[in-house]
1. Counting other C-beta atoms within 10 Å, which of THR206, THR10, THR130 has the fewest, and how do the rest follow?
2. For the ranges 188-195, 102-109, what's the packing order if you count other beta-carbon atoms within 10 Å of each residue, average per peptide, and put the highest first?
3. Could the peptides 50-57, 135-142 be put in order, highest first, of the mean number of other beta-carbon atoms found within 10 Å of their residues?
4. Just to check, using Stokes-Einstein with a Kirkwood Rh over alpha carbon pairs, what's the diffusion coefficient of the stretch 38-168 at 20 °C and 1.002 mPa s in µm²/s?
5. Counting only DSSP beta bridges with both residues in the stretch 96-208, what percent are antiparallel, rounded to the nearest 5?
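What follows is calculated from the coordinates using simple rules that are stated; it is not laboratory data. Treat the numbers as computed from the prediction; the structure is a model and nothing was measured. All Cβ positions, even for glycine, are placed from backbone atoms using ideal geometry, and neighbour counts span all protein chains on display.
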Amino acid sequence: MARPVRNIFTIDVEDWFQVENYASVIERDRWPELELRVEANVDRLLALLAAKDVRATFFILGWVAERVPELVRRVARAGHEVASHGWSHRPIWNLTREQFAQEVRRSRELLCKLSGQDVTGYRAPTFSITRETLWALESLAAAGYRYDSSIFPVHHDRYGIPDAPLAIHRRDEGLWEVPLSVFQAGSLRLPVAGGGYLRLYPRALTWEFEAMSASSRGSCRPFRSPRPARSSPSSPGRRPHGIGRPPHMTEARRSGR
Ligand SMILES: [Zn+2]
C-alpha cells in the first residue's frame with residue numbers, strides 16, 4: 001500500500017509593513033504607529049486550519065509576540081507548533097554575530113514562555129541564511145534551536161544557496177535543515193515555496209507543484225500572514241502538518257482534550 005503523502009505547512013507571522021520590499025519606504029521607527037493586521041489575519045488562518053484539521057508551524061516574529069502575546073497563546077492552544085522568525089525582521093546580513101545571537105535567544109525565550117512549548121525551530125527573515133551567513137547556524141544551535149528552515153536552494157539576487165541539498169538533512173552544526181521547496185527540471189531549480197511564488201505563478205505550474213507533493217520528497221510552503229494564499233485542497237492522508245509537533249499537544253489530541 002502506498003504511504004500517505006505528508007506535506008509540511010508553515011507560516012511566517014509578521015505584519016504587512018515588515019517585509020523587506022517595504023524597507024526603503026517604511027522606516028522602522030514608524031512601525032509602532034502603523035495599523036497591526038497580523039492578529040486578525042492569523043485568526044483567519046487558525047479558523048481555516050481548524051476547519052481542515054491541519055496542524056502547521058508558525059514562525060513568529062519576536063516583535064509581534066511582544067505586542068500581541070495572546071496571539072502566540074492562541075496558536076499554541078490550537079495545537080500548532082510555535083517557532084521563531086527572529087526578533088526585528090532584519091536580514092541576517094545586516095546584523096552582527098552578537099546582535100543575531102541576542103535576537104534568537106530573546107525571541108526563543110519569549111515564545112517558550114508564551115506558548116509553553118520547547119521552541120526548537122527557526123526561519124530567517126528574507127531566507128537570509130546564505131553562504132556568507134552560514135555562521136548563523138552555530139548561533140542557533142547554541143541558543144537551543146534544533147532545526148532551521150531558512151535555506152532556499154536556488155539562485156536569487158538576495159538569498160539562496162544554489163547548490164544546497166533539496167531534502168531535509170542534518171548539518172555539521174548539529175541542526176536539521178528543512179530547506180524551502182524547489183521544482184527541479186534538469187539543472188534548473190525553480191523556487192516554489194512562499195506565498196509570493198504561489199501567487200505569481202500560472203495555475204499550470206501550481207499543478208506541477210501539486211504533483212511534486214505526491215513525490216517522496218514532499219514540499220515545504222511558507223506563507224506570510226498578511227496575505228494568506230489560497231489553501232490547496234486537502235483530503236484524508238494528504239493533510240499538511242507542522243515541522244515539529246509539540247509532544248504535549250500530540251498527547252492532548254490522543255486523549256481527546
Ligand atoms: Zn518574514
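1. Values: THR206 17, THR10 25, THR130 22.
Ranked by crowding around the Cβ, least crowded first: THR206, THR130, THR10.
2. Details: 188-195: 18.6, 102-109: 20.4.
Most protected by this proxy first, the peptides run 102-109, 188-195.
3. Details: 50-57: 17.1, 135-142: 18.8.
Final packing ranking: 135-142, 50-57.
4. Details: Rh = 15.2 Å.
Calculated translational D: 141 µm²/s.
5. On the way: 6 of 10 bridges.
Around 60 percent antiparallel, to the nearest 5.
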